[in-house]
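Before any comments, here is the structure.
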Amino acid sequence: MSNITNMNIKNVLLFGAGMVAMPVIRLLGNRNDIHLYVASDQEKQAMEMIQQVSNYEEKVTFVTFKYPEDLTKMSLIVKDMNLVISLLPATMH
């Protein structure tokens with residue numbers, strides 16, 4: 001999952017694709033020093049936001065994450081990240 005092609009690029013994982021995610025996706029997705037991973041169970045909604053990032057195919061990756069079913073794979077998802085941001089509802093923390 002990590003972006004190993006350029007060591008200067010930081011891997012950032014964003015949990016959640018609700019309406020508050022759009023500013024974060026826009027801000028981080030348009031940076032050239034970040035590869036953004038968006039983890040959500042709402043693929044259609046997430047992809048609509050991701051596609052607003054220029055060159056999104058190279059800069060942003062969607063990761064399916066269903067809560068609570070995927071909690072066991074969370075460590076695999078976060079292990080190669082430089083930063084993890086959660087915009088999930090408080091009841092999911």
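Would you mind getting the accessible area per residue of the chain, heavy atoms of the protein chains only, 1.4 Å probe, in Å²?
Ligands and nucleic acids excluded, the figure is 61 Å² per residue.
Ordering THR72, THR61 from largest to smallest accessible area (1.4 angstrom probe), what's the sequence?
Greatest to least solvent exposure: THR72, THR61.
Report in % the part of the accessible area of the chain that belongs to carbon and sulfur, leaving out ligands and nucleic acids; probe 1.4 Å.
55
Whenever you get a sec, line up ASP70, ASP41 from highest to lowest accessible area (probe 1.4 Å, protein heavy atoms).
So, going from the largest accessible area down, we get ASP41, ASP70.
What whole-number volume per residue, in cubic angstrom, does the convex hull of the C-alpha atoms of the chain give?
So the per-residue hull volume is 87 Å³.
I need to check one value: relative contact order of segment 25-93, counting alpha carbon pairs closer than 8 Å and at least 6 residues apart, in percent.
After rounding, I find 31 percent.
Quick one: which residues, 5 or more positions from PHE15 or on another chain, have an amide H under 5 Å from its amide H? H modelled 1.01 Å from N in the peptide plane, none for Pro or chain starts.
ALA39, ILE85, SER86, LEU87
Shape of segment 43-87 from its Cα gyration tensor (a ≥ b ≥ c, root eigenvalues): rounded if a/c is under 1.5, otherwise prolate when a/b > b/c, or oblate?
Judged from the Cα gyration tensor, segment 43-87 comes out oblate (a/c at least 1.5, b/c at or above a/b).
For the chain, modelled as a Gaussian network with Cα springs under 10 Å, which listed residue fluctuates most, VAL12, VAL63, VAL20?
Among VAL12, VAL63, VAL20, the largest GNM mean-square fluctuation belongs to VAL20.
Tell me which of GLY18, SER86, TYR56 sits at the most positive position along the dipole axis of the chain, charges placed on C-beta atoms (Lys, Arg +1; Asp, Glu -1).
SER86
The values are calculated or read from the model by the stated rules, or taken from the named source; none is laboratory data. Model, not experiment: these values are computed from the prediction. Note that each Cβ is placed from the backbone with ideal geometry, even for glycine, and that neighbours are counted across all protein chains shown. Calculation scope for accessible area: heavy atoms of the full protein, side chains included, ligands and nucleic acids excluded. Shrake-Rupley method; radii C 1.70, N 1.55, O 1.52, S 1.80 Å.
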